[in-house]
Amino acid sequence: MLIVSLMGLKKCGKTTTAEALIRELKSRGMNVCAVKFMPHSQFTIDVEGKDTFRQFSAGADMVISLSEGQVATVERAEGRTGLDDALDKVPESIDIVICEGLTAEHPRACTVVLSKSVDGLDETFRVRGRPSKIIAFAGVMANDLDPGAEIDGIPVFNVNSHDDTVRLADVVLSCR
């Protein structure tokens with residue numbers, strides 16, 4: 001299983017890049033899992049007063065919600081959760097895990113760094129750290145660069161271009 005980390009600050013194009021990569025990889029017959037990391041969110045799929053909320057509040061260690069076409073799981077976790085918590089849930093049939101918003105320093109991980117601008121890369125690295133295995137740059141900043149641009153010898157891809165999305169997927173798959 002290959003892990004692709006899409007790392008960047010808010011509103012830099014992570015979700016757009018994730019969507020484009022997922023579509024392209026699925027078109028190639030790959031099984032893809034997406035992980036969205038939300039460190040500052042109080043996100044929950046459980047709504048106070050609903051049955052699953054009440055079951056979880058009563059002490060269930062795990063609640064599984066089933067509906068037409070979807071399965072959702074809520075589990076108790078101690079402290080901050082991370083990549084390993086997500087990977088424990090990923091079935092073996094998955095070929096690629098796209099991690100949005102998570103810097104993944106993992107032996108099977110490669111990173112695409114996203115930014116609103118080239119000048120914003122310094123802030124991104126200051127806030128998120130500089131990953132050891134950067135394979136590409138992308139995000140909003142790609143709109144201001146010429147096709148085929150590179151930063152420090154690393155290619156920049158504009159996922160608003162289908163051709164660039166195809167090339168980015170090729171780079172991602174070369175990490176396997």
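Please work out which one of (1) loosely packed, with under 11 Cβ neighbours inside 10 Å; (2) closer than 26 Å to SER132 by Cα; (3) modelled with pLDDT of 95 or more is the condition PRO39 fails and give its number.
Evaluating PRO39 over (1) loosely packed, with under 11 Cβ neighbours inside 10 Å; (2) closer than 26 Å to SER132 by Cα; (3) modelled with pLDDT of 95 or more leaves (3) as the failure.
Say whether the condition of being of a type in the set (D, E, K, R), at pLDDT below 80 and in contact with a Phe, Trp or Tyr (Cβ under 7 Å, 6 or more places away or on another chain) is met by at least one residue in segment 44-54.
For segment 44-54, residues of a type in the set (D, E, K, R), at pLDDT below 80 and in contact with a Phe, Trp or Tyr (Cβ under 7 Å, 6 or more places away or on another chain): present.
Of the residues ARG108, ARG167, ARG128, only one is of a type outside the set (A, V, I, L, M) and in contact with a Gly (Cβ under 9 Å, 6 or more places away or on another chain); which? Lay out the reasoning, then the answer.
Details: ARG108 fails: in contact with a Gly (Cβ under 9 Å, 6 or more places away or on another chain); ARG167 fails: in contact with a Gly (Cβ under 9 Å, 6 or more places away or on another chain).
Within the list ARG108, ARG167, ARG128, the selection yields ARG128.
Going by the structure shown, is THR111 touching a Pro at 6+ places or on another chain (Cβ under 7 Å) and buried (at least 20 other Cβ atoms within 10 Å of the Cβ)?
Values: touching a Pro at 6+ places or on another chain (Cβ under 7 Å): yes; buried (at least 20 other Cβ atoms within 10 Å of the Cβ): yes.
Yes; evaluated as a whole, the condition is true for this residue.
Only one residue in ARG176, ARG130, ARG126, ARG167 is without any contact (Cβ under 8 Å) to a residue 24 or more places away in the chain and part of a loop (DSSP other than H, G, I, E, B). Which one?
On the way: ARG176 fails: without any contact (Cβ under 8 Å) to a residue 24 or more places away in the chain; ARG126 fails: part of a loop (DSSP other than H, G, I, E, B); ARG167 fails: part of a loop (DSSP other than H, G, I, E, B).
When all the criteria are applied, what remains is ARG130.
Residues that are touching a residue at least 40 places away in the same chain (Cβ under 8 Å) and under 17 Å from the mean Cα position of the chain (by Cα), at least 2 per element: which strands (runs of 3 or more DSSP E) completely within segment 59-108 meet that? Working first, answer last.
Details: elements: 62-67, 70-75, 96-100.
Those strands (runs of 3 or more DSSP E) span 96-100.
Under 17 Å from the mean Cα position of the chain (by Cα), in a loop (DSSP other than H, G, I, E, B) and either surrounded by fewer than 20 Cβ atoms within 10 Å (Cβ to Cβ) or outside the structural domain of GLY153 (by TED's automatic domain parsing) (or both): does that describe LYS26? Reasoning before the result, please.
On the way: under 17 Å from the mean Cα position of the chain (by Cα): yes; in a loop (DSSP other than H, G, I, E, B): no; either surrounded by fewer than 20 Cβ atoms within 10 Å (Cβ to Cβ) or outside the structural domain of GLY153 (by TED's automatic domain parsing) (or both): yes.
It is false that LYS26 is under 17 Å from the mean Cα position of the chain (by Cα), in a loop (DSSP other than H, G, I, E, B) and either surrounded by fewer than 20 Cβ atoms within 10 Å (Cβ to Cβ) or outside the structural domain of GLY153 (by TED's automatic domain parsing) (or both).
Please go through segment 1-16 and pick out each residue that is crowded, with 17+ Cβ neighbours inside 10 Å and among the β-branched types (Val, Ile, Thr).
Selection gives ILE3, VAL4.
Given the structure, is ALA149 surrounded by 15 or more Cβ atoms within 10 Å (Cβ to Cβ), closer than 28 Å to ASN31 by Cβ and in the same structural domain as LEU21 (by TED's automatic domain parsing)?
Taking the combined requirement at face value, the residue does not satisfy it.
The values are calculated or read from the model by the stated rules, or taken from the named source; none is laboratory data. Predicted model, so just to flag it, every value in this text is computed and none were measured. Here Cβ is always computed from backbone atoms with ideal geometry, including for glycine, and neighbour counts include all displayed protein chains.
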